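Heads up, the thing below is written out as structure tokens.
The values are calculated or read from the model by the stated rules, or taken from the named source; none is laboratory data. Quick caveat: nothing in here was measured; it's all calculated off a predicted structure. No Cβ is skipped: glycine too gets one built from the backbone with ideal geometry, and neighbour counts run over all protein chains shown. The area values use the complete protein model at the heavy-atom level, side chains included, leaving out ligands, DNA and RNA. Shrake-Rupley method; radii C 1.70, N 1.55, O 1.52, S 1.80 Å.
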Amino acid sequence: MPTYRLGRDAELAYNTDGIGGGGTWVAITNAKDVTINGETVETDVSMRATGKFKATAVALIDLGVEFEMVWDPDDAGFAALHAAWLSAGTIGIRVSDRPYTDPGARGHRFDAVVTNFSKSEPQEGHQTVSVTVKPTLTNNPPEEFGF
């Protein structure tokens with residue numbers, strides 16, 4: 001029988017000390033509809049040897065995580081992400097397909113900047129914020145785990 005994982009069983013966590021710090025990883029339980037964007041950046045490697053055909057190589061991976069949160073300034077995860085966004089500071093992010101402590105968990109961890117923190121105030125719903133985090137330059141390059 002095929003196996004599958006429910007989105008609700010995945011984990012999104014932050015560490016205010018970053019991925020190389022000694023701080024504590026805290027689950028962002030206020031997050032919903034998490035999307036992990038992974039896109040390769042292409043580079044043209046065409047040369048005379050490729051004849052009339054263009055040749056492409058993968059140069060980098062463009063990684064980002066987007067998610068929604070209920071607008072709740074008293075929530076610790078909300079407050080940490082909001083502070084990182086306001087200060088243009090760095091925050092450690094970890095995404096995994098199940099709780100990180102489970103055997104076989106797979107995902108990514110990286111030091112991030114918050115590139116989007118957009119508030120929504122729908123007439124017939126609760127206030128939310130759309131958040132985007134992307135890797136930034138620190139002494140700790142992004143890591144994959146469990147793959």
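Hey, rough spin-label estimate for Lys119 and Leu86, points 7 angstrom out along Cα→Cβ, what's it come to in nanometres?
Between Lys119 and Leu86, the simple spin-label model gives 1.1 nm.
Taking +1 at the Cβ of each Lys and Arg and -1 at the Cβ of each Asp and Glu, which of Gly125, Ala55, Asn139 sits farthest along the dipole of the chain towards its positive end, judged by Cα position relative to the Cα centre?
Farthest towards the positive pole: Ala55.
Do you know the relative contact order of the chain, to the nearest whole percent, from alpha carbon pairs under 8 angstrom that are 6+ apart? Before the final figure, lay out the partial values.
Numbers: 306 pairs, mean separation 36.3, N = 147.
Once divided by the residue count of the chain, the mean separation gives 25 percent.
Taking segment 81-147, which GluC sites (Glu not before Pro) meet the DSSP loop condition and have no more than 11 other C-beta atoms within 10 Å? Mind showing how you got there, number by number?
Working: sites: Glu124, Glu143, Glu144; in loops: Glu124.
Answer in residue order: Glu124.
In the Gaussian network model of the chain, springs joining C-alpha atoms below 10 Å, which of Arg98, Arg109, Arg48 carries the largest mean-square fluctuation?
Arg48
Could you name the lysines whose alpha carbon sits less than 20 Å from that of Lys134, not counting residues in the same chain fewer than 8 places away?
By straight Cα distance, Lys134 reaches Lys32, Lys119.
To the nearest 10 degrees, how steep is helix 76-87 against the longest Cα principal axis of the chain, on a 0 to 90 scale?
60
Counting only heavy atoms of the protein chains, get the accessible area per residue of segment 5-147 (1.4 Å probe) and round it to a whole Å² value. Write out the running numbers ahead of the final one.
Values: 8860 Å² over 143 residues.
Here the per-residue accessible area is 62 Å².
Which one of Val34, Val58, Val133 has the biggest mean-square fluctuation once the chain is modelled by GNM with Cα springs under 10 Å?
Between Val34, Val58, Val133, it is Val58 that shows the largest mean-square fluctuation.
Could you pull out the chymotrypsin sites (Phe, Trp or Tyr not before Pro) across segment 40-117 that fall in loop regions by DSSP (anything but H, G, I, E, B) with no more than 11 other Cβ atoms inside 10 Å?
Phe53
May I ask you to evaluate 6.51 cos²θ - 1.76 cosθ + 1.60, the Karplus curve with θ = phi - 60°, for each residue of segment 47-59 and list the ³J(HN,Hα) values in order in whole Hz, giving x for glycine and proline?
7, 4, 5, 8, x, 8, 9, 6, 10, 10, 10, 7, 9
Please work out whether segment 51-101 counts as rounded, prolate or oblate from its C-alpha gyration tensor, where a ≥ b ≥ c are the square roots of the eigenvalues and a/c under 1.5 means rounded, while otherwise a/b larger than b/c means prolate and anything else oblate? Mind showing how you got there, number by number?
Values: a/c = 3.40, a/b = 2.29, b/c = 1.49.
Taking the square roots of the gyration eigenvalues as a ≥ b ≥ c, segment 51-101 is prolate.
Read through the labelled values (i) 10, 32, 26, 18, 10, 4, 0; (ii) 11, 36, 29, 15, 8, 2, 0; (iii) 11, 34, 35, 17, 2, 0 and report the label of the one computed as P(r) over Cα pairs in 10 Å bins from 0, in percent from the structure.
Calculated P(r) over Cα pairs in 10 Å bins from 0, in percent: the matching label is (ii).
On a full-extension model of 0.36 nm per residue, what is the gain between Arg8 and Leu137, subtracting their alpha-carbon distance, rounded to one decimal in nm?
Details: separation 129, 0.36 × 129 = 46.44 nm, distance 3.02 nm.
My answer for the length gained is 43.4 nm.
Any idea what the dipole of the chain comes to, in debye rounded to 20, about its Cα centre with Lys/Arg Cβ at +1 and Asp/Glu Cβ at -1?
620
Ignoring ligands, DNA and RNA, please state the percent of accessible area on the chain from carbon and sulfur, probe 1.4 Å.
Within the chain, the accessible surface is 50 percent carbon and sulfur.
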